[in-house]
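Engineer: I am attaching a structure below and will ask some questions about it afterwards.
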Amino acid sequence: MMKLTETQTTILTAGAQRPDNIAMPLPKGLAGAAAKMAVNKMIERGWLQEVDASSSRGEPLWRETGDGHGTTLVVADAGLLAIGIEPVEVKTMTAIHENATEAPAPKVPTPRAGTKQAALIALLRAPEGATMEAIIAATGWLPHTARGVMSGALGKKLGLIVTSGKEDDGARVYRINPGVP
């Protein structure tokens, strides 16, 4: 059995503890030519494997391939064995990385019942909509918080379209677009 350096042990141990056995990021202080040399030696010995990085999962990049994509490093079976861990899922995870042709559809978050956010959605879904005063009374939020929730949590996270307009009496009324589920 080959003796591992401290750097090699650190990389393999950290990678074995991460989801999908991702070996990135490398230890602090290991960068540039030293990182490239250490990683290339570990790839030659079969301890690490370079696979396409999934940007939808936010996997860290080892290097860019030049076509807008990149690769990351995964601890291989031999790398796990080198640090005394029996490989179980590495082949499965590597196959998933190599065979992934499309990203899974993102889960659409749903608001919990009984929350201020749920109360806000109910107010905005009403045919008459809701004024800022009604929203503040129902939630206890300040106006800037209410506008932020409508823009961020409802608009960006839940995908709801919140519209606003001035009524005949001059009051601004907020509504969720009725065509959105």
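Engineer: Does Ile136 satisfy being without any contact (Cβ under 8 Å) to a residue 12 or more places away in the chain, of a type in the set (A, V, I, L, M), in contact with a Leu (Cβ under 8 Å, 6 or more places away or on another chain) and closer than 15 Å to Leu123 by Cβ?
Structural biologist: yes
Engineer: Can you tell which of Val173, Val162 is touching a Phe, Trp or Tyr at 6+ places or on another chain (Cβ under 7 Å), under 14 Å from Ile121 (Cα atoms) and either among the acidic types (Asp, Glu) or surrounded by 11 or more Cβ atoms within 10 Å (Cβ to Cβ) (or both)?
Structural biologist: Val162
Engineer: What do you reckon, is Lys156 modelled with pLDDT under 85, assigned to a helix (DSSP H, G or I) and exposed (fewer than 10 other Cβ atoms within 10 Å of the Cβ)?
Structural biologist: On the way: modelled with pLDDT under 85: yes; assigned to a helix (DSSP H, G or I): yes; exposed (fewer than 10 other Cβ atoms within 10 Å of the Cβ): yes.
Taking the combined requirement at face value, the residue satisfies it.
Engineer: Counting only residues that are within 31 Å of the chain's Cα centre (by Cα) and assigned to a loop (DSSP other than H, G, I, E, B), which one in segment 112-139 is nearest to Arg172 (Cα to Cα)?
Structural biologist: Thr115
Engineer: Identify the residue in segment 31-77 that is among the small types (Gly, Ala, Ser) and assigned to a loop (DSSP other than H, G, I, E, B) and, among all such residues, is farthest from the chain's Cα centre (by Cα).
Structural biologist: Per the criteria, the residue is Gly46.
Engineer: Quick check on my filter: what residues within segment 34-72 are modelled with pLDDT under 75, out of contact with any His (no Cβ under 8 Å at 6 or more places or on another chain) and surrounded by 13 or more Cβ atoms within 10 Å (Cβ to Cβ)?
Structural biologist: Answer for segment 34-72, where residues must be modelled with pLDDT under 75, out of contact with any His (no Cβ under 8 Å at 6 or more places or on another chain) and surrounded by 13 or more Cβ atoms within 10 Å (Cβ to Cβ): just Arg57.
Engineer: Also: If I ask for residues that are of a type in the set (A, V, I, L, M, F, W, C) and assigned to a helix (DSSP H, G or I), which ones from segment 13-30 would you list?
Structural biologist: Ala14, Ala16
The values are calculated or read from the model by the stated rules, or taken from the named source; none is laboratory data. Treat the numbers as computed from the prediction; the structure is a model and nothing was measured. Using ideal geometry, Cβ is built from the backbone for each residue, glycine included, and neighbour counts are taken over all protein chains shown.
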